[in-house]
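Everything on this sheet refers to the single structure shown next.
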Amino acid sequence: MGERVGLEVSLAVSEAVKLARADVIAAYPITPQTHIVEELSQMVADGDLDAEYVMVESEHSAMSACCGAAAVGARTFTATASQGLALMHEVLFIASGLRLPVVMAVANRALSAPISIWGDQSDVMSERDSGWIQLFAETGQEALDLTIQAFKIAEDRRVLLPAEVNIDGFTLSHVVEPIVIPGQEEVDSFLPPYEPQVILDPEKPVTMGPVGFPELYTEIKKQQNEALLGSYEVILEVWDRFAESFGRKYRPVEHYRTEDAEILINMAGAMSGTARIAVDMMRETGKKVGLIRTRLWRPYPFDEIRNAVKGAKAVAVVDRALSFGGQGGPMCSELRSALYPLAEKPVVTSYIAGLGGRDITVENFQTIVEDTGDVLANGPREEYKMIGVRE
Amino acid sequence: MAEDKPSWKEYPMAATIHSPGSATDQNTGDWKSMRPVRDSSKCDKCGICWIFCPDAALYMTEEGFYEVDLYHCKGCGICAHECRKEAITMVEEGE
Ligand code: SF4
Ligand code: SF4
């Protein structure tokens, strides 16, 4: 039933890719993602993973090679971060537009300038609208599980879209955690080989990605969006099937001490672990605080979010990314929009924290909850606050 | 008439084309504003125009002249430009 080991989370992702029997890995190393593909190249070199490892000269090429590999029906994986993801930008849309089920791990890192190798989520938020399924892990176990699940979701004939597993750079990618490594046989029965619907085949030629004239383009984008929206049900199905096989349950939104909570914190990623500690501490002092962690970012879990906030007086959204000149945090914008049509809705406050590798401390979460309490008592102030910024 | 055109559900996924060579069905000839006209008395049948045409819109007739397939010719004028005999003139459509 699998083995519990102490393992660096990056290496657990590599292990997941190996267990998924990926056929092609094309990648370019970039901190803090490097360990994932370094380990995979070692596995291939040692003969432990029967895959083609394509060394490329840039992330643009990495994603292009992944598209090519997926187009001939290979199970395909890559990993990147920050500038690397930014360099992939145009090809990300090609992967989703061509409906190629590439799976990618992103070890989330800040974008330059100034140069920062440290973590935040501005890389993925810049690719929010690229048409990929986007998942956020909090723990190493989740990083491994989501990676295996991502292949099953992406390759489902009702979906056929690329999927991305986000793990916070360093705060998740580089930590060693106890992780259950599933057995190969269990994974094989959960994730059978990829059976593509259409492939590039000289015996049966097709044209992928032809010109989409104005009379066609809108219909094809509608098709693509329907597939992404429709992936929601498939994701739930895959998670149910995963729970049956491996005993670990996943939902689009994770609840922590939300029962009777008046103030909910909403965020994604590894720093939710600290939020949980802060919630416990605040609960001890009688504050009714809870956490709703967004695991599924695209497609956005509208109904789950609406249900999750029922009964709460306020939701404090903590973003590790800043939408310059806009409303502040991208996750907050989304949540606000999701709640807008509701007749009864909680007050929503927005906080930017944890940029470029800065910690979000327990005290920061306490400040956030106190500030939200203040908004509840005295009414709204500025659109959002940057936590811990020195004035 | 929008209602005559297929719904998004009817198109192949990602607009993939499953019939090779289907580009020949596309009427790209209606884009042009100028059309090439050959003066056979100047033409020495060298085939330069045929080689240079980016749309393979010229074909050889039995007499060895290169005839324009107006259904596909986009009127780019490359053939007229490359012809060393100045045997091709670009003429305004409609003239
Ligand atoms: S290039 Fe000019 S001369 Fe040569 S075949 Fe064409 S029309 Fe004739
Ligand atoms: S005008 Fe352009 S497209 Fe038309 S026949 Fe000449 S080269 Fe070909």
Would you work out if the stretch A:1-157 is rounded, prolate or oblate? Take a ≥ b ≥ c from the square roots of the eigenvalues of the alpha-carbon gyration tensor; rounded if a/c is under 1.5, else prolate when a/b is larger than b/c, oblate otherwise. rounded
Between B:Ser19 and A:Ala45, the two model label points (7 Å from Cα along the beta-carbon direction) sit apart by a distance in nm of 5.1 nm
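Would you please give the FRET efficiency between B:Glu86 and B:Ile51, computed as 1/(1 + (r/R0)^6) with r the Cβ-Cβ distance and R0 = 25 Å, to the nearest 0.05? Numbers along the way, then the final one.
On the way: r = 17 Å, r/R0 = 0.68.
The formula returns an efficiency of 0.90 here.
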Given H placed on each backbone N at 1.01 Å, which residues far from A:Ser350 in sequence or on other chains put an amide H within less than 5 Å of it? A:Val317, A:Lys385
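If R0 is 45 Å, what FRET efficiency do you get for A:Thr285 and A:His89 from their C-beta distance, rounded to 0.05?
FRET efficiency, A:Thr285 to A:His89: 0.50.
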Starting from the Cα of A:Glu344, step 7 Å along the direction of its Cβ; do the same at B:Glu10; then give the gap between the two resulting points in nm. 4.8 nm
Please report B:Lys5, A:Lys313 as a ranked list, fewest other C-beta atoms within 10 angstrom at the top and most at the bottom. B:Lys5, A:Lys313
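Hey, fewest Cβ within 10 Å first, where do A:Phe136, B:Phe52, A:Phe190 land in order?
Numbers: A:Phe136 29, B:Phe52 14, A:Phe190 20.
Placing the least packed residue first, the sequence is B:Phe52, A:Phe190, A:Phe136.
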On alpha carbon coordinates alone, what is the Rg over Rh value for the stretch A:254-386, Rh being the Kirkwood radius? 0.92
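Just to verify a number: FRET efficiency for A:Glu382 and A:Asn225, C-beta to C-beta distance, R0 = 60 Å, to 0.05? Walk me through the intermediate numbers first.
On the way: r = 34 Å, r/R0 = 0.56.
So the FRET efficiency works out to roughly 0.95.
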Starting at the first residue of the stretch A:183-190, write each ³J(HN,Hα) from the Karplus equation 6.51 cos²θ - 1.76 cosθ + 1.60 with θ = phi - 60°, in whole Hz, x for Gly and Pro. x, 4, 5, 4, 5, 4, 6, 6
Residues with amide H under 5 Å of B:Val91's amide H, sequence separation 5 or more or different chain, H placed in the peptide plane at 1.01 Å from N; which? B:Arg35, B:Val37
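Can you give the relative contact order of chain B as a percent, counting alpha carbon pairs under 8 Å and 6+ residues apart?
Values: 125 pairs, mean separation 33.6, N = 95.
Once normalised by length, the contact order is 35 percent.
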Candidate lysines - alpha carbon under 30 Å from A:Lys249, same-chain residues fewer than 8 apart omitted: A:Lys18, A:Lys152, A:Lys287, A:Lys288, A:Lys310, A:Lys313, A:Lys345
Taking every alpha carbon pair in the stretch A:305-373 and sorting the distances into 5 angstrom bins from 0 up to the bin holding the longest one, the percent per bin comes out as 3, 16, 26, 23, 20, 9, 3, 0
Pick out, from A:Ala316, A:Val389, A:Gly286, the residue whose Cα sits farthest towards the positive end of the charge dipole of the protein assembly as shown, with +1 on the Cβ of Lys and Arg and -1 on the Cβ of Asp and Glu. A:Gly286
Roughly how far apart, in whole Å, are the Cα centres of the stretch A:25-46 and the stretch A:208-266? 28 Å
Kindly point out, ordered by number, any Cys in chain B whose beta-carbon has no other cysteine beta-carbon under 4.7 Å away. B:Cys43, B:Cys46, B:Cys53, B:Cys73, B:Cys76, B:Cys83
Show that you can apply the helix-only estimate: for the protein assembly as shown, add -39,500 (n - 2.57) for every DSSP H stretch of four or more residues, divide by all residues, and state [θ] at 222 nm to the nearest 500. -11000 deg cm²/dmol
Phi-derived 3J(HN,Hα) across the stretch B:33-40 with the Karplus relation (6.51, -1.76, 1.60, θ = phi - 60°), rounded Hz, x for Gly and Pro, is 9, 10, 10, x, 10, 9, 9, 4
Dmax and Rg, reported as Rg then Dmax, of the stretch A:151-208 (C-alpha, Å): 16.9, 48
In the stretch A:1-86, which GluC sites (Glu not before Pro) are in a loop and have at most 11 other Cβ atoms within 10 Å, using DSSP for the loop call? A:Glu57
Residues whose modelled amide H sits under 5 Å from the amide H of A:Ala27, counting only those 5 or more places away in sequence or on another chain, are A:Val54, A:Val56
Karplus-derived 3J(HN,Hα) from phi for the stretch A:155-162 (6.51 cos²θ - 1.76 cosθ + 1.60, θ = phi - 60°), whole Hz, x at Gly and Pro, runs 7, 4, 4, 7, 10, 6, 9, x
Run through the DSSP bridge list for chain A and note the antiparallel percent, rounded to the nearest 5. 25 percent
Take the eigenvalues of the Cα gyration tensor for chain A, scale each by 5, and report the square roots as semi-axes in whole Å, largest first. 35, 23, 20
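Using a 10 Å cut-off around each Cβ, can you sort B:Trp50, B:Trp8, A:Trp297, B:Trp31 from fewest to most neighbouring Cβ atoms?
Values: B:Trp50 18, B:Trp8 15, A:Trp297 24, B:Trp31 11.
With the sparsest Cβ surroundings first, the list reads B:Trp31, B:Trp8, B:Trp50, A:Trp297.
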Take the Cα radius of gyration of the stretch B:34-95 and divide it by 2.2 N^0.38 Å, with N its residue count; two decimals is plenty. 0.99
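Values in this text are rule-based calculations from the coordinates and carry no lab data. Everything quoted here is computed from the prediction, not taken from an experiment. Neighbour counts are summed over all protein chains in view; Cβ atoms, including those assigned to glycine, are modelled from backbone coordinates with ideal geometry.
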